[in-house]
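Peer 1: Sharing a structure with you now.
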Amino acid sequence: MTEKLFERALGRLDEAAQHMEVGAETLERLRHPTAVLAVSIPLRMDDGRLEIFDGYRVQHSDLLGPCKGGLRYHPDVCLEELKALALWMSCKCALMDLPYGGAKGGVAVDPKSLSKMELERLSRGFIRRIADFIGPAADIPAPDVYTNARIMGWMMDEYSQVVRQRTPAAFTGKPVALGGSLGRRGATGYGGYVCIRELAKRRDWVAEETTVAVQGFGNVGQEAARLLYENGYRVVAVSDSGGGVHDESGLDVPRLIRAKNEHGQVKSLYCEHSVGDEKNGEHISNAQLLELDVDVLVPAALEDVINADNAGQIKATTVIELANGPTTIEADRILDERGVTIIPDILANAGGVTVSYYEWVQNRSGEYWEERDVLARLDKRMCDQFNVVMDIAADKSLSPRMAAYGLVLKRIGAAVEAMGTAALFDGD
Ligand code: NAD
């Protein structure tokens, strides 16, 4: 699936460039990641054996500021995938008007096969290898797939030991006790909710009459579903890797969140663990959830779940991409022809990196904000950028995705032009 992922990611920028005035140098700069580092990490296992793991950091672009992006632990981590993910981070940061370029990195490892101590030694060993490459003014990592706040805490501590200065701003997504920001955990779901709320204003939706299905019930899916429920929307289906539940009259989302966090799977509340007067929804598969007759579909789990095979059967009129890359390019075309509105990932799930930026600002200034201040700033920035993208889409008759990529090219293009020397060589 990762074959030519970077080329495919660039394809969307090329397509957007056809609708915008973009200097050739901008696209050329984005075709070539700024720097790529590959390292080996020797790890002493608990039983005394030595194992060596491959680790990487890709800095895609530093045109708008220091590079920013997550570190993932996954057996499939490879440079091709990281280059594409780093490019998407460059786009996301530019779209949210953050003073950052994009990066991504990771270690090819199955973290579930390691003990906690092995995981900590691996994380610290990885940071010792890449310490010269990263830093608060160069490249700031954050959590990604199978890494979390605790791991960011270890990494920040190790980095601080290497540079002999306590440097919280070198990582974001840290535990609050180590300089993490209040509001970071739910930020991505919150940003997704703001997109739906703003779209509702444009479409005159009435919350109580608007039905929503959410695929993926982890950090992002739970928070988005919770906010939709609290604001009156009818969340009729949610799912996780074990399948989902569906109830046309609307699910009790807070109860589902409790069930998921107690029993591990959402179907548990409505099946094995249903008690007393609890209502029973029907159990559905993930494939069925995607094809439900709802107003809004929120993919919040994996990439490529909406593809050429099922795009013709999607009945939702709006898709809010909270996962990264949930819609393939082929599916995009099919849905576009059918008039389905897609709010693209680089906009819909940008709440997380936005609060990461606020965390970095707080770490660098030494002044810490209350959660309501963090969320108020996040709300305003999401709302502003959402409306800028939707206005461009309306003015130029573009999909929101093409409008978003067009804005990315415009903002990065302005930096390329400001920094470039092409004009000096014009004429003579
Ligand atoms: P998470 O690990 O907390 O949750 C993932 C959820 O997806 C879990 O409920 C899991 O059961 C479910 N899932 C796994 N396989 C599935 C399948 N085959 N079908 C349906 N559900 C399945 O992860 P998260 O942090 O909520 O991230 C979800 C998505 O959002 C990912 O694509 C991630 O890249 C993206 N994202 C997350 C953030 C963030 O701040 N956490 C920011 C931007 C984008």
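Peer 1: Whether any residue in the stretch 363-382 is touching an Asp or Glu at 6+ places or on another chain (Cβ under 8 Å), outside the structural domain of CYS93 (by TED's automatic domain parsing) and open to solvent by 40 Å² or more (accessible area, probe 1.4 Å) is what I want to check.
Peer 2: There is at least one residue in the stretch 363-382 that is touching an Asp or Glu at 6+ places or on another chain (Cβ under 8 Å), outside the structural domain of CYS93 (by TED's automatic domain parsing) and open to solvent by 40 Å² or more (accessible area, probe 1.4 Å).
Peer 1: Out of curiosity, is GLN265 open to solvent by 10 Å² or more (accessible area, probe 1.4 Å), modelled with pLDDT under 90, within 15 Å of the ligand (Cβ to nearest atom) and assigned by TED's automatic domain parsing to the domain that holds ILE334?
Peer 2: yes
Peer 1: I've got another one for you. Quick one: in the stretch 322-339, of everything that is in contact with a strand residue (DSSP E or B) (Cβ under 6 Å, 6 or more places away or on another chain) and part of a loop (DSSP other than H, G, I, E, B), which residue is farthest from the ligand (Cβ to nearest atom)?
Peer 2: PRO326
Peer 1: To continue, here is another question. Condition first: in a helix (DSSP H, G or I), buried (at least 24 other Cβ atoms within 10 Å of the Cβ) and not assigned by TED's automatic domain parsing to the domain that holds GLY69. Can you find one or more residues in the stretch 234-242 that meet it? So that I can check it myself, show each step before the final result.
Peer 2: Filtering the stretch 234-242 for residues in a helix (DSSP H, G or I) gives none.
Among the residues of the stretch 234-242, not one is in a helix (DSSP H, G or I), buried (at least 24 other Cβ atoms within 10 Å of the Cβ) and not assigned by TED's automatic domain parsing to the domain that holds GLY69, which makes the answer no.
Peer 1: Being among the acidic types (Asp, Glu) and under 15 Å from GLY186 (Cβ atoms): is that true of ASP345 here?
Peer 2: So ASP345 does not fit the description; no.
Peer 1: Given the conditions (1) without any contact (Cβ under 8 Å) to a residue 24 or more places away in the chain; (2) surrounded by 21 or more Cβ atoms within 10 Å (Cβ to Cβ), which single one is not true for VAL77?
Peer 2: Against the list (1) without any contact (Cβ under 8 Å) to a residue 24 or more places away in the chain; (2) surrounded by 21 or more Cβ atoms within 10 Å (Cβ to Cβ), VAL77 comes up short only on (1).
Peer 1: Out of all the residues in the stretch 283-292, which are more than 10 Å from the ligand (Cβ to nearest atom) and touching a residue at least 40 places away in the same chain (Cβ under 8 Å)? If you could, list the steps in order and put the result at the bottom.
Peer 2: Just the residues of the stretch 283-292 that are more than 10 Å from the ligand (Cβ to nearest atom), to begin with: 283-284, 288, 291-292.
Scanning the stretch 283-292 gives HIS283, ILE284, GLN288, LEU292.
Peer 1: Applying the selection to the stretch 329-355, what residues are of a type in the set (Asp, Glu) and more than 18 Å from the chain's Cα centre (by Cα)? Quick ask: steps written out before the conclusion?
Peer 2: Keep residues of the stretch 329-355 that are of a type in the set (Asp, Glu), which gives 330, 332, 336-337, 345.
GLU330, ASP332, ASP336, GLU337 - these are the residues of the stretch 329-355 that are of a type in the set (Asp, Glu) and more than 18 Å from the chain's Cα centre (by Cα).
Peer 1: Next question, about the same structure. Of the residues that make up the stretch 304-315, is at least one away from the ligand (no atom under 15 Å from the Cβ), at pLDDT below 90, crowded, with 21+ Cβ neighbours inside 10 Å and of a type in the set (Gly, Ala, Ser)?
Peer 2: No - not one qualifying residue is present in the stretch 304-315.
Peer 1: Let me ask something additional. Looking only at the stretch 55-111, how many residues end up being of a type outside the set (Ser, Thr, Tyr) and assigned to a loop (DSSP other than H, G, I, E, B)?
Peer 2: Of the residues in the stretch 55-111, 17 are of a type outside the set (Ser, Thr, Tyr) and assigned to a loop (DSSP other than H, G, I, E, B).
Peer 1: Only residues that are at positive phi and either of a type in the set (Asp, Glu) or touching a residue at least 40 places away in the same chain (Cβ under 8 Å) (or both): list them for the stretch 2-48, please.
Peer 2: LYS4
Peer 1: Of (1) of a type outside the set (Ser, Thr, Tyr); (2) within 24 Å of the chain's Cα centre (by Cα); (3) assigned to a helix (DSSP H, G or I), ARG184 satisfies all except one. Which?
Peer 2: Evaluating ARG184 over (1) of a type outside the set (Ser, Thr, Tyr); (2) within 24 Å of the chain's Cα centre (by Cα); (3) assigned to a helix (DSSP H, G or I) leaves (3) as the failure.
Peer 1: For the stretch 1-24, give me each residue that is in a helix (DSSP H, G or I) and either surrounded by 15 or more Cβ atoms within 10 Å (Cβ to Cβ) or in contact with a Leu (Cβ under 9 Å, 6 or more places away or on another chain) (or both).
Peer 2: Taking the stretch 1-24 and keeping what is in a helix (DSSP H, G or I), we get 5-17, 24.
Scanning the stretch 1-24 gives LEU5, PHE6, ALA9, LEU10, ARG12, LEU13, ASP14, GLU15, ALA16, ALA17.
The values are calculated or read from the model by the stated rules, or taken from the named source; none is laboratory data. Note that the structure is predicted; figures quoted are calculated from it, not measured. In this analysis, Cβ positions are derived from the backbone assuming ideal geometry, glycine residues included, and neighbour counts consider all displayed protein chains. Heads up: the accessible areas ignore ligands, DNA and RNA and are worked out on the full protein's heavy atoms, side chains in. Shrake-Rupley method; radii C 1.70, N 1.55, O 1.52, S 1.80 Å.
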